[in-house]
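Trainee: Below is one structure. I have some questions about it.
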Amino acid sequence: MSVEQRRAMIVAAALPLVAEHGTAVTTSQIARAAGIGEGTVFRAFKDKDALLDACLAEAAGVDHVLRELASIPLDEPLNARLAEAAEALYAHMERMGTVLRSLYATGHRGDGGWPGRARAGGEPPEDGRARSFAALREAVAELIEPDREALRLSPERVAAAFLGLLFSRLPSPADPADAPLAPEELISVLLHGTLTEPGSA
């Protein structure tokens with residue numbers, strides 16, 4: 001197993017523990033979860049902060065959700081493809097939010113993953129967010145591409161609108177009228193608008 005593979009394995013084992021315990025998680029807990037000795041953790045990461053930074057980077061990164069989007073069959077109906085994409089993206093945002101909230105609430109302010117901070121390699125945070133959004137838009141556009149001829153806008157524009165609706169879906173449980181659109185409602189609005197008959201307004 002390469003060093004990078006070992007690091008990825010340790011981070012994958014650490015993420016649920018970090019989400020639950022924040023900075024209170026111990027390297028011995030992480031080692032047990034990964035099925036390795038604690039010394040192996042420190043051969044992969046110079047210290048616990050470096051491991052927590054790697055967890056931040058993994059939680060904020062989009063590689064996992066891009067793989068999920070790429071696995072959605074293109075022969076399904078468009079609304080079904082978008083529903084699966086919405087589910088994958090919601091799960092990604094929930095996981096990211098849980099890990100980031102847990103670490104920030106317990107005092108970790110690393111530079112490895114949170115989009116509001118520069119990354120270790122010096123990439124400006126705004127550029128990092130823009131690159132992540134562009135990658136997601138491209139992946140969603142590929143899901144939409146088989147239906148290009150049926151659309152009034154390009155798959156890229158539809159994908160941007162889909163992500164815009166998705167990322168603005170904020171919960172407001174105090175007032176049912178302000179509740180976020182369910183995925184099927186969001187997709188219906190995206191594909192068919194809100195008029196009962198097109199052109200009736």
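The values are calculated or read from the model by the stated rules, or taken from the named source; none is laboratory data. From a predicted model like this one, the values you see are computed outputs, not experimental measurements. As a convention, Cβ positions derive from the backbone with ideal geometry for all residues, glycine included, and neighbour counts pool all protein chains shown. Ligands, DNA and RNA are excluded from the accessible area calculation, which covers all protein heavy atoms including side chains. Shrake-Rupley method; radii C 1.70, N 1.55, O 1.52, S 1.80 Å.
Trainee: Say each of Met1 and Glu145 gets a label point 7 Å from the Cα, pointing the same way as Cα to Cβ; how far apart are those two points in nm?
Mentor: 3.5 nm
Trainee: Starting from the Cα-Cα distance between His192 and Glu76, subtract it from 0.36 nm times their residue separation and give me the gain in nm to one decimal. All intermediate terms of the calculation are to be shown ahead of the outcome.
Mentor: Numbers: separation 116, 0.36 × 116 = 41.76 nm, distance 1.81 nm.
The span from His192 to Glu76 would gain 39.9 nm if fully extended.
Trainee: Compute the length gained on full extension between Glu68 and Arg32: take 0.36 nm times their separation in residues and subtract their Cα-Cα distance, giving the result in nm to one decimal.
Mentor: Going from the current span to full extension adds 10.2 nm.
Trainee: Taking loop as defined by DSSP and a crowding limit of 12 other beta carbons within 10 Å, which trypsin sites (Lys or Arg not before Pro) in region 9-46 fit?
Mentor: Lys46
Trainee: Give the ranking of Arg152, Arg6 by solvent-accessible surface, highest area first, calculated with a 1.4 Å probe.
Mentor: Arg152, Arg6
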